[in-house]
Amino acid sequence: MIVHMIGNAHLDPVWLWPWQSGADEALATFAHAVARCDETPQFIYTRGEAWLFSLVEKLDPPLFERARELVQAGRWQIVGNQWVQPDCNLPTLDGWNKQLEIGARYFEEKFGVKSRVGYNVDSFGHPATLPDILSAHGLENYCFHRPGPHQVELPAQTFRWRGVAGAEVIGFRIAQAYVTRTDDLYGQIQLALEAADEKLGHTMCFYGVGNHGGGPTKGNIEYILENRRFADDVELIFSHPQAFFDAIADEIPSLPVVETELQKTFPGCYSVMADIKRAQHRGEQFLAQTEAIVEHFSRDEAAKTQRKTRLEAAWRDLCFTQFHDILAGTSASQTWESVRAMQGRARIEGEEIALETTRIWARNELPPVNFQQIVLFNPNDETWRGVIEHEPFLDFDFWGSRWLS
């Protein structure tokens, strides 16, 4: 059995701390990972979440360049193609598409890579539609941790996960945990072996300090080097998720098929922080409508490009607030003021772009008239029929002494 040792640093940008602490986590964790790579040429680091890279790019360009060099050398492996690890149940379809589009575009522009591995190791649940969404964005494989075996029994650790529309990804449920607390990895490796599919001859074991960043320790790396021959029939190798999926490619046709959602973890979180969930849904729907308005009603190409750039910035805010500890409502109280501000910033940017686009179009395309007129814009592809309510301000009542100050 070959155990692919996956060095990672789970990093919640928001949880029991505000996003500013998440930024500090990113800087420290990136520096730590670079140092471990410099110390041990065999070591491989797995990292996703474009938001983290974008912060390091802005706040410490030399550190970002060092990370880019390691990506090009194959020492850092990018996974997920996402802005953050979102809650997988609550985003709209437009929101999910943007999460994957914006993340993938960032990694392609900055590193010239596009991962084939979906990666949501800390998200609480995964809907039955997710394989279809992931597959549509070029993701072929999927690493997750929840739900655990005590919540949902699966036919195997590695399986073909088929979506409701028929698309498939190869799912891998991480055994026990994606983080470690000690330098000694014996227990983590044993649990990985117990969950492994013997017929595959390969499995993954995730290691590294996480939640508040950190990553693989010097002791972790030394343990792997000293115990490469973990047992007579077990070999440890520094690796990454794509290498594991490539190694089992010939066995994929024989893997069992799962056609259900993967749920039942922390169900109570889906009934809290209703205002955050409501603002997120409305914001994603509104930005999607605004995008359609910009596409259909922008006559000036330069203006259209500029509006799309502004919309991308708004979407980045909402992709960030999709983060699983935000949208699920499981973060500490001091985080919510900033979250509401981000959702509000995205919303007002969308409103300003929609107003600008529609008013400019109307003033240029419609003949002037000397009376009040109502102009309706349908941002959808389908013809709409229904009732519109409009409250015109036709006259002014001179209230006199009835004026309320």
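Where a number appears in this text, it was derived from the coordinates with a stated rule and is not lab data. Quick caveat: nothing in here was measured; it's all calculated off a predicted structure. Cβ sites come from the backbone with ideal geometry, for glycine too, and all protein chains shown count toward neighbours.
For the cross-link pairs K114/K218; K58/K110; K58/K277; K98/K304, the ones whose C-alpha atoms lie over 22 Å apart are K114/K218; K58/K277.
I'd like the FRET efficiency for F266 and D300, computed as 1/(1 + (r/R0)^6) with the beta carbon distance as r and R0 of 35 Å, rounded to 0.05.
Details: r = 48 Å, r/R0 = 1.37.
Plugging the Cβ-Cβ distance into 1/(1 + (r/R0)^6) gives 0.15.
Given R0 = 41 Å, the distance between the Cβ atoms of R340 and W384 translates into a calculated FRET efficiency of 0.85.
Taking every DSSP beta bridge with both residues inside the chain, roughly what % is antiparallel (nearest 5)? Please report the intermediate quantities before stating the final value.
Numbers: 11 of 37 bridges.
The answer is about 30 percent antiparallel.
If you run the Gaussian network model on the chain, springs between alpha carbon atoms under 10 Å, then out of V375, V164, V234 the most flexible one is V375. The calculated 222 nm mean residue ellipticity attributable to helices in the chain amounts to -14000 deg cm²/dmol, summing -39500 (n - 2.57) over DSSP H runs of n ≥ 4 and dividing by all residues. If R0 equals 60 Å, the separation of the Cβ atoms of V369 and S254 corresponds to a calculated FRET efficiency of about 0.30.
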